[in-house]
1. Tell me the label-point distance for the pair A:Ala458, A:Thr290, using the 7 Å Cα-to-Cβ offset, in nm and rounded to one decimal.
2. Counting helices only, and only those DSSP H runs with n ≥ 4, report the 222 nm mean residue ellipticity of chain A as the sum of -39,500 (n - 2.57) divided by its residues, in deg cm²/dmol to the nearest 500.
3. In which sequence would B:Trp47, A:Trp407 go, from the one with the fewest C-beta neighbours within 10 Å to the one with the most?
4. Please enumerate, by chain and number, the lysines with C-alpha under 22 Å from the C-alpha of B:Lys141, excluding those fewer than 8 residues away in the same chain.
5. Provide the FRET efficiency to the nearest 0.05 for the A:Glu279-B:Ser266 pair, computing r from the beta carbons and using R0 = 45 Å.
6. If you restrict to DSSP beta bridges whose two residues both lie in chain B, what percentage is antiparallel, to the nearest 5?
7. Near the amide H of B:Leu19, under 5 Å away, which other amide H atoms are found, from residues 5 or more places off or on another chain, if H is placed in the peptide plane?
8. Determine the gain in length on full extension of the stretch B:Ala67-B:Ala177; use 0.36 nm per residue of separation and subtract their C-alpha separation, reporting nm with one decimal.
Amino acid sequence: MKQPTPVTASSGRAHSTLPPVPRDRVRFRIRASAAIATGRAAGTMLRRLRLGGGTSLPGLVARYVDPHVTKHLGTQMRHGNIVVTGTNGKTTSSALVTSVLRQAGLRVWRNREGSNLARGIATSLMAHAALSGKLREQGDAAGVFEVDEAAFPQVVAELQPRTILVTNLFRDQLDRYGEVDTVAERWRDALARLPATTTLLLNADDPAVAALADARPTGSPVLYFGIEDAPTSADDAQRVHVVDTRTCPRCRQLLTVTERFYSHIGHWRCPACGFARPEPAVRARQVSFTGLEGSRFVLETPLGQTDATVHLPGLYNVYNALAAATAGVVMGATLPAIHDSLERFTPAFGRGERIAMGDRAALLLLAKNPTGLNEVLRALGQDEAKHHLLFILNDRAADGEDVSWIWDADFEQVTGKIASLTTSGLRAYDLALRFKYAGAPPDTVEPDIGAALTAALAHVPVGETLYIVPTYTAMLAVRGEISRRGYAPRYWEQKDA
Amino acid sequence: MPDSLAENAGENEHNGPALRLGHLYPDQLNMYGDRGNIIVLRQRSAWRGVTLQVTPLEIGEPLDPDAYDMLFIGGGQDKEQDEVARDLREVKADGFLRAVEADMPVLAVCGGYQLLAKYYHPAEGPDLEGIGIFDAWTIHKGKKVARCIGNVALAWGESTLIGFENHGGRTYLGSGAQPLGRVLAGHGNNSEDGREGCVYRNTYGTYLHGSLLPKNPHFADHMLRLALDRRYGPGSGLRMLPPLADTEEWRAHETMLRRLNVSPRSHSFDVARTS
């Protein structure tokens, strides 16, 4: 088996900071220019017609005019590009990576929320391009791009990123992505085609992700991140129903798990072939939670260790913070820069985002697959207080048309912590049934999201918070409702969103 | 315990009536919300004072037909299907076939349905042999042929069933085999002959998940009543499981029928048996 080169915290060998990409031939491409001009015109028209933010149409049009436009623009980026993929945590991880790199003094360009297909990446790059086909400011920036799992092979082939960060792999929208194994196989194929210099940043605690290093040539750089110890109760271990990787990615024998943080994420080893959780270069010890507000842990890196705080709920966000710290390490950030950027970070769009609504507040907790939902449910269930809840389930293409997955999540974790409950969305009644069979029928079932928001807020006393748990398109819709009432910016007006 | 859904297993039944459900391969076959079916069977029993004891039946464990009143087998990823198919044939087939011939109610969803038929012919690689309860077989016509994915509505007796299907293989029924229902919207077994699922004695195979039972409460009760009749004598099912209001269940069911442009039929569980 080919062995890439891991870097570990205990080796004390800091990974060398990546040098800037050599500035060679930025050729004028007439076709790229035409692509950018046409794509941009399409975006402008879209916004004029108030049809949306135009975060993907310009790229779609441009890639039609010049299929190489992404490569042409992407390879001009002075500090290279980081691609972030995985089932959960893409948006928060990329936002955290951006925050770390900016704290380290780099200019960062990133794609906007939800524009994580090839056309969205192209749109983002075009926003920084002159009509000549050259990047503005001579591309003196690092690109941070979150990329859809299914679009990943195409995007990395076009963009040729220097660094790839993979958060985790869970079942998500089986109707769209296929089974977990199929996704892993496509990722491996794509990774095998990238140059040996591409750096991989992988979650050591997810066997399917850690095994991606097998697709890389000998000597190719790989850094792992992981959690050493965190609070898990016997109760949690009993509750694990959503385990998407049970067998060894190399030999298919059942894995031995000595520590299970959630789903299949933990400390694992294959008793048959010996493949085991690699030692992480960047890791968290002594993780503790402060309710739904965040967590604290000791952050160990090749640069040294520090006490870290993140203001994001749940263990899954500790992984996102570790992912960002790892990216910081390879991009030359200092430990204080990493520490400060994690501590100052404010949650990404809809992922633990708090919005003041006059004398009340809303906390948006996006949940789009069983593992993500379980982590949100666990965070709600662990909190002392009872919560006012609005759950919204849509089944549009971006949410997944198959809503079976709600039955794989442990709604039973929150039934004792409900002050009021409203269910909404195209599948409001499916959610109502899920809660009913968990022992907590909702107070209100209202498919219309605007009406449901009003109904849910009516239960919330002044000064208290409504916890909103939506799927992806439901999050856009409820955020739209909130913004129509004058409380939140429209998403394409958000800086860096 | 490998699966906390099995928490009632082994409880004595002096406290009231109980049903024993054998859940085959819960670790390998757990896709598409199969757990939802178990939760619904358990809650709908509990709401009428019947305890549902769930026992996981893992790889390597033989199936004792006298130890259960009901069996459930779900769907899984392809790689897990091989291992399960072998165990089903080599370790459990004997007990399984005896249970089926003794009219034990069995619910098989998606991959489980395919495994109870004669064989599965994959896109590539050798055929996967099933245990032949259903006179049916499944053919995967290659990765270029679109999967059958989407919402489904069936005519089931005087009533309807709704669910979500997602299968690459097309299933065909032999001349003597009875389908579960007639497709009103969606693909069904093969998107060609308008049939969905298969029924043999009290064994029901279907591609419908979603999960199947939450939004089809009449079908859930039908399965439970078959099990109660068999254990406590004819008529016990209806006596021990009086109807529930099921308001949200039928709202969810009818919301989907409307979306699929299918007119609602009866809510009745009293199905004209097809055998």
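What follows is calculated from the coordinates using simple rules that are stated; it is not laboratory data. Because the structure is predicted, anything quoted here is derived from the model rather than measured. Using ideal geometry, Cβ is built from the backbone for each residue, glycine included, and neighbour counts are taken over all protein chains shown.
1. Each label point is offset 7 Å from its Cα along the Cβ direction, giving 3.7 nm.
2. Result for chain A: -10000 deg cm²/dmol, rounded to the nearest 500.
3. B:Trp47, A:Trp407
4. Cross-link targets: B:Lys79, B:Lys118.
5. Rounded to the nearest 0.05, the efficiency is 0.10.
6. Here the share of antiparallel DSSP bridges comes out near 55 percent.
7. Amide H neighbours of B:Leu19: B:Thr51, B:Leu52, B:Gln53.
8. The span from B:Ala67 to B:Ala177 would gain 36.8 nm if fully extended.
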